[in-house]
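S.K.: If you scroll down you'll find the structure; I have some questions about it.
Bear in mind that the values in this text are calculations on the coordinates, not laboratory data. Just so it is clear, the structure is predicted and the values come from calculations on it, not from any experiment. Cβ: placed from backbone, ideal geometry, glycine included. Neighbour counts: every protein chain shown.
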Amino acid sequence: MRKWLPLLAACLGTFMLLIDVTIVNVALPSMATDLDAGLSGLQWIVDGYALALAALLLVLGSLADRLGAKPVYITGLALFAVSSLACGMADDTAVLVLSRVVQGVGGAAMFATTLSLLHATYTGRDRGIAFGAWGAVGSAAGAFGVVLGGVLVDLLSWRWIFFVNLPIAALTIILSASVFPASQRHSGRGADLPGMLSFTAAAIGVTFGIIRAGEHGWGDAAALAALAAGVAAVALFAVIESRSAAPMFPLQLLRNHAFAATLFGASGQTFAAFSASPLISLWLQQQLHLNPLHTGLAMLPMAVTAFLVAGGTGRFLHDAEPAWTIGAGLMVIGAGAGLLTLVDTGSSWTALIPGLVVIGAGAGVNAPALVSTAMAAVPPQQGGLAAGVVNTARQLGMVLGVAVLGTVFRSAAGGLQPAPIDQFADGLDTAFGVACVVGVVFGAAAFALFRRARAEAPAALPAEAALVD
């Protein structure tokens with residue numbers, strides 16, 4: 001039994017950091033009331049965490065190579081615990097958003113190191129079991145988060161969705177310090193600080209610009225300035241990465257059609273499948289007057305379906321073409337988002353079920369293949385980098401999705417406080433329609449790129465070999 005304690009330590013940290021992506025959703029209406037937060041503030045409560053994860057995942061993975069995965073993991077756990085306490089004690093929206101950003105930094109340190117720790121701890125069949133268990137915990141976290149969040153908000157308050165992290169983090173720190181072997185340090189690649197700063201500036205600029213435009217209009221000077229700065233930072237990031245000796249994201253990877261297709265699948269999945277969840281929670285609680293627990297249960301069909309489909313079909317889809325698992329799977333997610341537009345002024349929560357189930361089925365096929373396909377598309381030396389880039393794309397899709405769908409909703413519904421039921425339903429349907437388009441378009445693009453990569457496979461070998469350097 002002792003040999004599985006390292007797996008327990010890795011899974012506890014992973015569960016915590018991933019559950020905090022979804023557990024917040026059912027608490028948003030309570031936060032809006034207690035903190036007098038508007039829609040833009042609620043968007044940043046969700047996006048601040050995901051943005052920090054997206055911006056720092058690759059950099060902290062590189063830092064872990066140099067300092068050792070174990071100390072970086074334990075430091076991430078400690079930072080996550082302290083920031084969770086700050087989140088729970090926050091008395092205004094700005095403090096909560098800032099604490100969520102710091103929480104995301106700790107989560108990125110944890111997310112970047114857990115697989116490395118398991119890889120160093122286990123070998124052979126035990127390693128396969130450990131990776132499988134880690135993946136199952138990650139899949140279950142989203143489903144459990146909405147229910148646990150509902151219970152805690154219902155019985156205690158929204159602050160306890162953060163306070164609950166404290167004993168779990170303390171146990172995980174103690175366990176990790178004693179059961180993980182000392183980490184090896186590798187000189188590896190240096191930290192790409194210019195790349196990190198330009199990438200972060202790009203993500204923040206674009207996200208802030210979209211959210212600000214939704215609140216103040218697309219003619220707002222601050223929104224336009226932020227968007228322009230974000231676009232300029234994207235261009236600067238591309239220049240830096242093309243000239244860096246140790247880039248955070250080697251741009252030549254994009255010439256690999258299979259890898260580029262996987263990035264479409266990863267970013268499109270989180271945008272189309274999960275970015276409307278905060279709006280759904282607001283509709284269920286503010287318009288239908290469900291309590292937080294019932295809200296969590298109403299949102300559960302998607303996660304449960306994804307978990308069952310992934311577990312039930314995984315062995316059959318292992319050798320399936322990624323064009324079908326990732327590309328077509330994402331188009332199924334888009335179709336499910338389209339079914340959510342069935343919601344109208346007279347709908348009950350059951351109107352969500354068809355769309356959530358279809359989205360869950362698509363995610364159950366799509367999600368398990370993303371990391372493995374990305375790692376298979378590049379030389380073994382770049383497998384860890386490929387996995388990190390895909391997870392970054394996932395978080396970035398979530399960040400932009402929450403910002404875009406919130407802005408679209410605000411434009412159609414006329415704001416958050418207090419939107420009449422007909423305007424609220426119109427806003428939801430418009431947001432769901434955008435999610436549908438993103439899922440279908442990104443899925444079709446991924447499908448086409450995967451088929452092109454397969455057709456060019458013999459000719460692509462020299463180019464892939466060149467990526468080894």
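S.K.: Compare the Cα positions of V343, A27, F307 along the charge dipole of the chain (+1 at Cβ of Lys, Arg; -1 at Cβ of Asp, Glu; about the Cα centre) and return the one farthest towards the positive end.
M.R.: Most positive-ward Cα: F307.
S.K.: Rg and Dmax of the stretch 1-180 over Cα atoms: what are they, in angstrom?
M.R.: My reading of the Cα-based Rg and Dmax gives 16.2, 53 Å.
S.K.: Mind checking the dipole of the chain: about its Cα centre, +1 per Lys or Arg Cβ, -1 per Asp or Glu Cβ, Debye to the nearest 20?
M.R.: 1380
S.K.: Another question, then. What are the membrane-span-like helices in the chain by this rule: whole DSSP H runs, Cα extent along the axis at least 27 Å, mean Kyte-Doolittle hydropathy at least 0.0?
M.R.: Once both thresholds are applied, what remains is 39-67, 69-89, 124-155, 193-216, 221-243, 353-376, 383-413, 421-455.
S.K.: I need the Kirkwood Rh of the stretch 271-409: take the reciprocal of the average 1/r across all distinct C-alpha pairs and report it in angstrom.
M.R.: 16.1
S.K.: What's the FRET efficiency of D126 with S178 using the Cβ-Cβ distance as r and R₀ = 22 Å, to the nearest 0.05?
M.R.: Efficiency, rounded to the nearest 0.05: 0.70.
S.K.: Can you give me the Cα centroid spacing of the stretch 316-363 and the stretch 229-303 in angstrom?
M.R.: Between the Cα centre of the stretch 316-363 and that of the stretch 229-303, the gap is 16 Å.
S.K.: Want the number for V231 to A245: 0.36 nm per residue separation, take away the alpha-carbon distance, what's left?
M.R.: 2.7 nm
S.K.: Still on this model: Dividing the convex hull volume of the Cα atoms of the stretch 177-292 by its residue count, what figure in Å³ per residue is obtained?
M.R.: 211
S.K.: May I ask you to derive the FRET efficiency for R451 and Q252 from their Cβ-Cβ distance with R0 = 30 Å, giving the value to the nearest 0.05?
M.R.: Details: r = 22 Å, r/R0 = 0.72.
Between R451 and Q252 the formula returns 0.90.
S.K.: So, one more: At 222 nm, what helix-only mean residue ellipticity would the chain give, in deg cm²/dmol to the nearest 500, using -39500 (n - 2.57) for each DSSP H run of four or more?
M.R.: Details: 20 runs with 361 residues, N = 469.
Calculated from helices alone, the mean residue ellipticity at 222 nm is -26000 deg cm²/dmol.
S.K.: Among E215, E456, which comes first, second and so on when ranked by fewest other beta-carbon atoms within 10 Å? Intermediate values should be presented prior to the final figure.
M.R.: Values: E215 18, E456 13.
Result, fewest neighbours first: E456, E215.
S.K.: Can you tell me the length gained on complete extension of the stretch K3 to V82, counting 0.36 nm per residue apart and subtracting the Cα distance? Kindly include the intermediate steps, with their values, before the conclusion.
M.R.: Values: separation 79, 0.36 × 79 = 28.44 nm, distance 2.93 nm.
Taking K3 through V82 to full extension adds about 25.5 nm, to one decimal.
S.K.: I would also like to ask the following. Dipole of the chain (Lys/Arg Cβ +1, Asp/Glu Cβ -1, origin at the Cα centre): which of L79, Q269, A229 lies farthest to the positive side?
M.R.: Value: L79.
S.K.: Moving to a separate point now. Rounded to a whole number, what is D in µm²/s for the stretch 27-79 from Stokes-Einstein with the Kirkwood radius over alpha-carbon pairs (37 °C, 0.692 mPa s)?
M.R.: It comes out at roughly 251 µm²/s.
S.K.: Relative contact order for the chain: what is it in percent, counting Cα pairs under 8 Å that are at least 6 residues apart?
M.R.: 21
S.K.: For the chain, just list the percent of Cα-Cα distances falling in each 10 Å bin from zero outward, please.
M.R.: Each 10 Å bin holds this share of Cα pairs: 4, 21, 33, 28, 12, 2, 0.
S.K.: Mind listing P(r) for the stretch 193-245? All alpha-carbon pairs, 10 Å bins, whole percents.
M.R.: P(r) over the stretch 193-245, rounded to whole percents: 31, 42, 20, 7, 0.
S.K.: How would you rank S372, S157, S116, S242, going from fewest to most other Cβ atoms within 10 Å of each one's own Cβ?
M.R.: The fewest-first ordering by Cβ neighbours comes to S242, S157, S372, S116.
S.K.: Mind giving me the nanometre distance, one decimal, between the label points for D92 and V304, set 7 Å out from Cα along Cα→Cβ?
M.R.: 4.3
S.K.: May I ask you to derive the relative contact order of the stretch 173-300, considering only C-alpha pairs under 8 Å and at least 6 residues apart, and to give it as an integer percent?
M.R.: Normalised by residue count, the contact order of the stretch 173-300 is 19 percent.
S.K.: Subtract the Cα-Cα distance of V151 and L166 from 0.36 nm times their separation in residues, and report this length gain in nm to one decimal. Can you show the working numbers first?
M.R.: Working: separation 15, 0.36 × 15 = 5.40 nm, distance 1.73 nm.
Additional length available on full extension: 3.7 nm.
S.K.: Rank these for me by crowding, L288, L175, L7, going from fewest to most other beta carbons within 10 Å.
M.R.: Result, fewest neighbours first: L288, L175, L7.
S.K.: Measuring from label point to label point, each 7 Å out along Cα→Cβ, what is the V441 to A320 span in nm?
M.R.: Placing both labels 7 Å along Cα→Cβ, they lie 2.6 nm apart.
S.K.: What percent do you get for the relative contact order of the stretch 250-469 when only Cα pairs under 8 Å and 6+ apart count?
M.R.: Taking the mean separation of contacting Cα pairs over the length of the stretch 250-469, I get 38 percent.
S.K.: Here's another thing I want to ask about it. For the stretch 231-304, just list the percent of Cα-Cα distances falling in each 10 Å bin from zero outward, please.
M.R.: Cα pair-distance distribution for the stretch 231-304, in percent: 16, 27, 22, 18, 16, 1.
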